[in-house]
Each structure stands twice: as C-alpha cells, then as structure tokens.
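The values are calculated or read from the model by the stated rules, or taken from the named source; none is laboratory data. Predicted model, so just to flag it, every value in this text is computed and none were measured. Methodologically, a virtual Cβ is constructed for each residue, glycine included, from the backbone with ideal geometry; neighbour enumeration extends over all protein chains shown. For accessibility, only protein heavy atoms count, side chains too; no ligands or nucleic acids. Shrake-Rupley method; radii C 1.70, N 1.55, O 1.52, S 1.80 Å.
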Amino acid sequence: MKRVFIYISIAILSMSCSAGLNSTGNTNSVNRNDFGDNVDQPIHRLRPQQPQTVDYTQPAEQQSEHVQGGTLTAKRVSAASGSCACCGEVCNCCDKALCRGTSLAIPAGAEGDGKDLMRSLLNKNYDIVEYDFTPDVPKAMVWIDEPVTEQKDDLMKEMNQNGSRVMPRSASMAQTDNDMYFYFTTGIDKPERLRFRIQYYADDPLEYSSIKFLIDGFDYEYVPGKTNRGREGKRMYWENSDEPLKSSDKDLVYALSHCNWARATIVGDRGVNHVRMLTDAQLKAFYNTLKLYLLLGGEL
C-alpha cells in the first residue's frame, strides 16, 4: 500500500508542476496549428502601398501623398491649414489633404470648385487647322507686262545709233566676232520689230539650226528661220542669224533680260555644239535694249 501511495503522490506532483509552468506564461511553450503557424500571435495584415500623388503647381513642402478611394488626384494644398484648397478635406490619420474634386490640377489663383476650369477646357476648340502650304521654289520666268521706269537719256547712253539702227555699245556686226544681242531700227512713229542677232566664228563649222539656253536653271530654246554661213580664209568659218522676234519668243526675251546668269548652246547639225556663258555685259545689254525698245513704243 505504501508503494501505491508513493506512485500516486508522484503523479499528482508532476501534474501540479506542469500546470504551474503553463500558468506563469512560459515563453518557451508555443501553440502551433497543423501548418506550423503560431496561433497565439495576432495576424497582422499589411495594407497595400498607395501610389503617391504630386501636385506640380505647388512647392515640394506642400505636395500631398494621399489619394481618395485609391484614385490618383492632383490637388492644391493650402499652406496655412493643410487642407485641400478645392474641397477642404483633411486626412484623419495624418492631417494631409485629400481632394474629392476634379482630377485635373488646379492652377494657382483659380477660384471656385474647378467647374469653371473644366468648362473652359471642354469648350476649347481642339480642331486641327490645315494649312495650304506651297513652298517657295524657283520657277521659269515668263513674260510680264511691266512699266519702264528708266529714263530715255540714260538708256541711250548705253546704245550706239547708226542711222536708224540702234544696238548696244558692246555689240558688233562683224562676222569675225562671237556675239548675240537684241537690236532694232527706228520707224516713223515707233521702232520696227525687235531683232535677235547671233554670231558664230571658229575653225569648226557648226551649221547650226537652233540655240538652247539654260537661264537661271531653266531651259529655253530659240529656232531661227534662216542661218547664214561662210568661210574666212582656209580654216575659219562664220555663221549668223538675224531675224525679228515673234510673240512666241516673249518668255525667252524676258528671261534673257532679267536673269542672273545664262548659258547658250549653239546646236550644230554636224554633231558639234558650241557652248558659251553669257557675260554680265551681254545680259545688261539685253535689258537696256528691251527697255529702250518698249519705252519708244515697241511691241512684241
């Protein structure tokens, strides 16, 4: 009996010690569920981090970092009260401004609740304007009827008058000269038709029938009705044409007398061409002769 009593006493003592340890909050004892989680500790759920909202119309110290209902909202914060200048809302947790108004940034100095700003933006004309743009590119010159502003005496100083023939001072009708120019003869009331004389002199015969011009980068052509030819000595050849200009030649006449530069190619029928750049003196002679011709009443 004594042995049984001892065993029972030991068992009771062991149970009492275990209960005492548990009641004193032994931190080494942890209650876990079937998944190994600590069921005695409270569950902390992390709040999702909200994106920050930056008001670009205010200094950095007045910018708000909060959103309303998870919607990004641009707002203007009052520096004095810390509340939103639109609706006066303040965050309860940290006294930062919340905005329930428009999601558009309100410029500094705007009054009201933003409706006026929204209305002005909605009523603005956003149509794309189409412009008819024509680039300013060079064009071939054509005849223009323009008044003569030069004086007769000034133009006559640049001319030689031999009888009724009026021609530039720099021009010559000698067959041994290479040249081209305008000239005319005077009539009773007005000049006769303006003429175009072309002279060629070299050791290679051309037998030309047309002249192609490149004037300020554009092509023109002149075709005389007749070409005179001859020979000077044993090895030199001369050719020329001298004919009145027609109304179909008006563009060429205007271009030669108003251009910056010109190149003439005398096209030969024997496969040989003669190319020459017209000098500034020749271009000036074209202009002076045409102006004097028009001033005296001549017509094309």
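Odds and ends about this structure:
- When residues of the range 120-134 are limited to those that are open to solvent by less than 100 Å² (accessible area, probe 1.4 Å) and among the hydrophobic types (A, V, I, L, M, F, W, C), the one farthest from Asp251 (Cα to Cα): Leu121
- One residue stands out among those in the range 266-281 that are more than 13 Å from Phe213 (Cα to Cα) and not in a helix (DSSP H, G or I): the one that is most open to solvent (accessible area, probe 1.4 Å), which is Arg270.
- In the range 223-230 there is no residue matching the filter, namely being in contact (Cβ under 8 Å) with a residue 60 or more places away in the chain and either of a type outside the set (Phe, Trp, Tyr) or under 22 Å from Ser170 (Cα atoms) (or both).
- So Lys284, is it within 25 Å of Lys139 (Cα to Cα) and surrounded by fewer than 18 Cβ atoms within 10 Å (Cβ to Cβ): yes
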